[in-house]
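Read through the structure below, which is laid out as structure tokens, and then see the notes.
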Amino acid sequence: MQIIIANSIAGVGMPIAANTLKNTQSVLDSVEYGIRQVELDPTIHSVGRGGWPNVLGQAELDAAIMNGDTMETGAVGALQGYLHPISVARQVMEKLPHVLLVGYGAARFAAEQNMEAGENLTPESIEGWQKWLQSQNREPSAESLETEPLTDLAWRTTDPLTAKGTTIYLARNEAGSIASGVSTSGWAWKYPGRLGDSPLIGAGSYADSRYGAAACIGHGELAIRAGTARAVVLYLKMGMSLQAACKEAIEDLHHLKTSFRGSICLHTMDHNGNYCVVADGPEAHTYYWLWTDSMAAPEKRDALYPEELEA
Ligand code: GLY
């Protein structure tokens, strides 16, 4: 069974992801090509071009990709100046003995690989940032923050509507190979250098073709602390059903003590192509995109709430 799961904002990439999978059976190409479309869409404010910047007005992008057959992975964090962090992550996986590059090193490597350089800030994302600074009684410029400690401002960014956002893709081909991919501009107005769960393999995403795959959107700090994506796959390895594995991973998240709790939406599939998407938290209601080889076109589906999961 061929199947692709992607999150609610990922619809723009579903047609190319489905066609790629159908025509080539390459799960890595399917995931990468789908995500590239989302990264290019300036109306999506949590991924790539048009993503909300950090508190200093810089677009810092994170992404990861994983090959579930070989368990190879590549990731980038706080990448500036390149349009497709997912493709840079794939090059990290394929060309380096490392799995994660951040900041200057990630940008230097992207240049070496002739990745597409470009401006990810848009007039709308700059305006959104400036309006937010004004709402915090600050001058709308990075210069005005040069000497200010940013710790206090970081605590003022905990709006569940903006402290989240990522695109995720999971794909399985006819032969049972699975891949995962994620890309994000991260938490809006974040502290410079902040990484969420997306570039950290095992937190924001994980794929192992023997058992299944998982990827998270939402409040990345929680998924990092609980190792959520790896936990789901490990629960599958231990013999749990997919819904039971998701329920257990959500319970792990609930166990975390935290002064701010955003939403997490967990997208998962097992090695047979069964799937489960569950949304938890204050902004929990959401939907996702599904394509299988029996569908003429990708379809939208409602995510489950944790209480609907079977143990
Ligand atoms: N889940 C995306 C982030 O926390 O950056």
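Things worth noting here:
- Fraction of accessible area attributable to carbon and sulfur, the range 205-287 (%, probe 1.4 Å): 51 percent
- Accessible area expressed per residue, the range 166-294, with surrounding protein chains retained (probe 1.4 Å, Å²): 32 Å²
- Computed log₁₀ I(q)/I(0) - Debye formula, equal Cα scatterers, no solvent, the chain, q 0.07, 0.13, 0.14 Å⁻¹: -0.24, -0.84, -0.97
- FRET efficiency, 1/(1 + (r/R0)^6) with R0 45 Å, evaluated for Q130 and Y305 via beta carbons: 0.80
- Antiparallel DSSP beta bridges within the chain, percent to nearest 5: 90 percent
- For the range 17-142, accessible area per residue (1.4 Å probe, heavy atoms of protein chains only), Å²: 41 Å²
- Across the range 233-311, the relative contact order, built from alpha-carbon pairs under 8 Å that are at least six residues apart, equals 29 percent.
- Nonlocal Lys pairs with alpha-carbon distance under 24 Å, the chain (8 or more apart, or different chains): 11
- Dimensionless Rg over Rh [the range 101-210; C-alpha; Kirkwood]: 1.05
- Rounded to the nearest 5, the antiparallel percentage of DSSP beta bridges internal to the range 193-311 is 90%.
- Here's how it looks for D293: its modeled amide H is under 5 Å from those of Q2, which are all 5 or more places away or on a different chain.
- For the pair the range 27-74 and the range 189-210, the centres of their Cα atoms are 11 angstrom apart.
- Note on the range 9-128: antiparallel DSSP beta bridges, both residues inside, total approximately 70 percent of the bridges counted.
- Relative contact order of the chain, pairs being alpha-carbon contacts under 8 Å that are 6 or more residues apart, as %: 21 percent
- For the range 1-149, averaging the sequence separation of C-alpha pairs within contact (under 8 Å, six or more residues apart) and dividing by the residue count gives a relative contact order of 19 percent.
- Computed [θ] at 222 nm, helices only, for the chain once each DSSP H run of length n ≥ 4 contributes -39500 (n - 2.57): -9000 deg cm²/dmol
- Which of R230, R138, R108 is most accessible, then next, and so on - probe 1.4 Å: R108, R230, R138
- Solvent accessible area, Å² - D152, 1.4 Å probe, full protein context: 80 Å²
- Surface share of carbon and sulfur [accessible, 1.4 angstrom probe, percent] for the range 113-202: 52 percent
- Between the amide H of E60 and those of N54, distances stay under 5 Å, these residues lying 5 or more places away or on another chain, with hydrogens modeled in the peptide plane.
- Table column - 3J(HN,Hα) (Hz), the range 140-151, Karplus curve with 6.51, -1.76, 1.60, x for Gly and Pro: x, 8, 5, 4, 5, 9, 3, 9, 7, x, 9, 4
- 3J(HN,Hα) from dihedral phi, the range 293-306, Karplus parametrisation 6.51/-1.76/1.60, rounded to Hz, x for glycine, proline: 5, 8, 9, 6, 8, x, 10, 8, 10, 7, 6, 7, 8, x
The values are calculated or read from the model by the stated rules, or taken from the named source; none is laboratory data. Source: prediction; values computed, not measured. So basically every Cβ, Gly included, is an ideal-geometry build from the backbone, and we count neighbours across all protein chains shown. To get the accessible areas, we keep the full protein, side chains included, count just its heavy atoms, and leave off ligands, DNA and RNA. Shrake-Rupley method; radii C 1.70, N 1.55, O 1.52, S 1.80 Å.
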